[in-house]
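Here the structure is laid out as structure tokens; the discussion comes afterwards.
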Amino acid sequence: MAKQASKPAGTAATIHDQKLLRGEGGELHQTAAGPTPLLTTAQGGPVSDDQNSLKIGARGPTALEDFHFREKIFHFDHERIPERVVHARGYGAHGYFETYESLAKYTRADIFQRAGEKTPAFVRFSTVAGNKGSFDLARDVRGFAVKLYTQEGNWDIVGNNIPVFFIQDAIKFPDMVHAVKEEPDRAFPQAQSAHDNFWDFISLTPESMHMIMWVMSDRAIPRSFRFMEGFGVHTFRLLNAKDESTFVKFHWKPKLGLQSVAWNEAVKINGADPDFHRRDLWESIQAGNFPEWELQLQLFDQAFADSFDFDVLDATKLIPEEILPPIAVGRLVLDRMPDNFFAETEQVAFMTQNVPPGVDFSNDPLLQGRNFSYLDTQIKRLGSTNFTHIPINAPKCPFHHFQQDGHMAMRNPVGRANYQPNSWDEGPRESPSKGFRSFTEVEAGPKARLRSETFADHYSQARQFYISQDPVEQGHIAAALTFELSKVQTPVIRERIVSPLLNIDDGLARKVADGLGLKAMPNPADAAVPTRRDVAASDALSILKNGPGRFEGRKLGILVTEGTDAALLNALKQALAKAGASFEIIAPKVGGAKASDGSWIEAHQMIAGAPSVLYDAVALLPAKAAMADLLKESTARDFVADAFAHCKFIGFVEAAAPLLTKAGVAEDEAVIALASAKDASGFVARLGDLRFWAREPKVKLG
Ligand code: HDE
């Protein structure tokens, strides 16, 4: 081998290699689709040899003259751009927004004028704290950023899957983000809030407690992007043709309902498939199961806003849907993956300040700060003021302005006039009627660094969220807090978190204190405003109280072996197809297995590569003859034990009974016997409950 590699260029071996790569006679490769294109440099120069750099003799130095080599390496060296300082890990898709009916009464925004109008959209989902290469199932807020390419320019609703935020004033954002990201001296932990710095900051920032309830709830470990809500968070304004203002809060509601995973499951998913969420979106869009959300608006006027005892400008507060039911105004469908991840998902630049005429900002101090940050950050990341020339960021409506030059300018104004007013009768002009007009609000007050008194109640809505949860969800919040604080090494910080919990719910505080093994209960934290104990529960805040009641869009993991009952397997597949659900076949070997009727079952996964955490429910269809081998596989045992511990529905044939025993499965109503093909549809119907949480006290998920 070594001898061959050292042969000088032009010897038989080298020419042979090159012929293989380029095709006989040095001609272009022929494929079914015709000749492949000629490889060129970035300057368009044809390339003769892309396998060997230019050398002085086969074993000699590389010549600096090799412009093709230098260009190739130069470009490669610069392939990375800075990742986003927050929301670095994300995944996007194209789609459209369809307006249900005219909202002219509230807004002059063109996108809301005509029923049935379709507007192109691009959406990027993300985690917040983790780096670009971190895993999908971090316990974290998810970004839900929507770019709508309207006829009046791009409108970005840069939201999250949680309707409130940690802080009230944008000036605290760098501190908050520094605290949650990896600690600077040791550079860990990544993509995790379970560490001292984060909880230290939280313990000193009482305004964060409402958000903490949300991020410690199941909302922070969604099953997939498709099963998450999105929220604009801030109060915005809609302005109609008469410049009349209506306050608005934006909500995206997933058509398939909400769903989350268990924490123990999330931890295992991160190992089994760190790309679990992006793979889910990719697979469903490729399969033609286009995820869909409804845009719902909470609309209210100043008098209504004034009627609350909290401030609608405070991003740590929400308006319960029972008090102000949202109205549905359109739907968002994602139906196409980007052609290229970098060009689109990585380079997309969302900006809160991108709003069309008819949508306006409120004075929310977090939103005001964001309106500065999102433009500023694009220069850092995309490197030029001309980032709007990148196709994913360019408007899809006609646009004209006099901005010119700069790095990477792709298009400049043509003609003589590059300013206005001008005497050449050239170029665009502004329009007071069509252009963006701000709401005329009279502002007055002392110039000072202030926080409004109306922002001072930090606990009432935190309590409201907690008491609105189903008992299972409340248990998860207590367990999450206990887990996170157990990773905090400084005992006083653990205690400092229990103090504000006492202002939220006594039972919760006690559970966490007990879980942490605190020797004594601390005093409740000082509260600027005492918690309102009379806040009503809001069922809309619970995931479990609003279950979809169907298995549509979910995935069953079907364990098969040699001799699996073909009729039952086929009946299951049919029932799943009818329910709009999918499945994966897991076999001892990925090559598949022969079914009872001699047909071949193609497998998607082998058992060791597909733990049950990757599925919403499982069906165990082994044949009796295969059980002895299957029982030896610890991954088969884990497959079942985990499904049971994660409160999943388990369907099983009689032959699988020893595996259930080995996995410690105790019978309950979600462990369902599948005697024959006729049981398949009933089993799939039961899967609509998604989980059997009544099992949880027995399996003690922690
Ligand atoms: Fe962001 N945020 N943010 N944020 N944010 C960014 O913009 C910022 C906040 C959100 O998929 C950055 O392009 C400040 C709330 C999403 O590309 C940056 C403050 C909400 C995304 C930035 C906030 C969000 C970002 C980082 C406090 C929910 C990802 C890179 C005032 C309503 C968008 C970038 C995407 C990204 C700043 C708070 C959502 C640095 C200063 C509240 C979904 O500009």
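What to note about this one:
- Cross-link partners for Lys55 among the aspartates and glutamates, with Cα-Cα distance under 15 Å and sequence neighbours closer than 8 places in the same chain left out: Glu65, Asp66.
- Overall form of the range 457-544 per C-alpha gyration tensor (a/c, 1.5; a/b vs b/c): oblate
- The residues of the chain expose, per residue, 47 Å² of accessible area to a 1.4 Å probe.
- Among the chymotrypsin sites (Phe, Trp or Tyr not before Pro) within the range 270-339, those in coil by DSSP and having at most 15 neighbouring Cβ atoms inside 10 Å are Phe308.
- Modelled FRET efficiency - R0 45 Å, Arg59 with His407, Cβ distances, 0.05 increments: 0.60
- As a fraction of the 1.4 Å probe accessible area of the range 457-544, surface on carbon and sulfur atoms comes out at 50 percent.
- A DSSP coil position with no more than 15 other Cβ atoms inside 10 Å describes the following trypsin sites (Lys or Arg not before Pro) in the range 663-702: Lys700.
- Once the C-beta distance of Arg429 and Asp526 is scaled by a Förster radius of 56 Å, the resulting FRET efficiency is 0.45 to the nearest 0.05.
- Cross-link pairs exceeding 25 Å in C-alpha to C-alpha distance, out of Lys181/Lys648; Lys578/Lys624; Lys487/Lys519; Lys555/Lys578, comprise Lys181/Lys648; Lys578/Lys624.
- Scoring 599-612, 229-242 by mean Cβ neighbours within 10 Å over their residues and listing the highest first yields 229-242, 599-612.
- Per-residue surface analysis assigns Glu183 an accessible area of about 20 Å², computed on protein heavy atoms at 1.4 Å probe radius.
- Calculated over the chain, the projected area of the Cα convex hull averaged across directions stands at 40.7 nm².
- Using a probe of 1.4 Å, the accessible surface attributed to Glu430 totals some 130 Å² when neighbouring protein chains are kept in position.
- Approximating the spin labels as points 7 Å out from Cα along Cα→Cβ, the Lys396-to-Met606 distance works out to 4.5 nm.
- For the chain, the relative contact order is 11 percent, taking Cα pairs closer than 8 Å that sit 6 or more residues apart in sequence and dividing their mean separation by the residue count.
- Mean Cβ neighbour count within 10 Å, used as a protection proxy, ranking 495-506, 662-673 highest first: 495-506, 662-673
- Short-range pairs are left out: with C-alpha atoms under 8 Å and at least six residues apart, the relative contact order of the range 457-544 is 50 percent.
The values are calculated or read from the model by the stated rules, or taken from the named source; none is laboratory data. Since the model is a prediction, treat every value here as computed from it, not as a measurement. Heads up, the Cβs are rebuilt from the backbone with ideal geometry, glycines too, and the neighbour counts pull from every protein chain shown. The accessibility values were calculated without ligands, DNA or RNA, using every heavy atom of the protein model including side chains. Shrake-Rupley method; radii C 1.70, N 1.55, O 1.52, S 1.80 Å.
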